[in-house]
Amino acid sequence: MAPSGPLIIFGVDPGLTCTGYGVITVEGSSHRCIDFGAIKPPGGASHTEKLMRIHEGLYDAMRKVQPHEVSIEDFIIGHTRAAVAIGEARAAATLAAGRMGLPVSLYKPSEVKQFVTSYGRGSKEQVAAMVQALLGLREPPASPDAADALAVALCHALRRESALTSGGQILSLTGTGRARR
């Protein structure tokens, strides 16, 4: 079911030490930032406690902004140790979205950079600068993780617009874990 007002997209840049989130609204071809932040579990926290903090922080933020869709940056294949840590944080984010019954879309880092900077290997600074420009922010977010999360939300919005205008399909996971077109 389509939202009656602007579409609200919740983007996530998962990580065990810091998980960024960013929320945008989409109305036509207009994108606006409505919230962003970072969840930083205490350094001395156990692995389980870090995942709980990430899940609870994202769930609370999602309940606050009531998004329609969630987009999460996926891990890079080939970096095994980082992939496991990011995969666990991604799972915590997916669980938070699932509790809200929200569809989830996953994007590779290179895909996010390609959509936001037009270059799949853009630096964090380039991503932050483009997020600032595309969302009309006075300055880029102080947290690189929040800037990346806003980029993930923008990537989803731009992919969605591209698919809708070209007649393509969007494949995502529903809150039930089943693929949906």
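Nothing in this text is a laboratory measurement; each read-out follows from the coordinates by a stated rule. Bear in mind the structure is a predicted one, so any value in this text is a computation, not a measurement. A quick note on method: Cβ atoms are made from the backbone with ideal geometry, for glycine too, and the neighbour counts reach across all protein chains shown.
Once you order the gyration tensor axes a ≥ b ≥ c over the Cα atoms, which shape class does the chain get: rounded for a/c under 1.5, otherwise prolate or oblate by comparing a/b with b/c?
It is rounded, given that a/c, with a ≥ b ≥ c, falls under 1.5.
In square nanometres, what is the average projected area of the Cα convex hull of region 61-162?
Computed as one quarter of the Cα hull surface, the answer is 6.9 nm².
Given the options A128, Q66, A142, identify the residue whose Cα lies farthest towards the positive end of the charge dipole of the chain (+1 on Cβ of Lys, Arg; -1 on Cβ of Asp, Glu).
Result: Q66.
Going by how many other Cβ atoms sit within 10 Å of their own, how do H68, H79, H55, H156 line up, fewest first?
H79, H68, H55, H156
If neighbour count is taken as other Cβ atoms inside 10 Å, put I24, I76 in order from fewest to most.
Placing the least packed residue first, the sequence is I76, I24.
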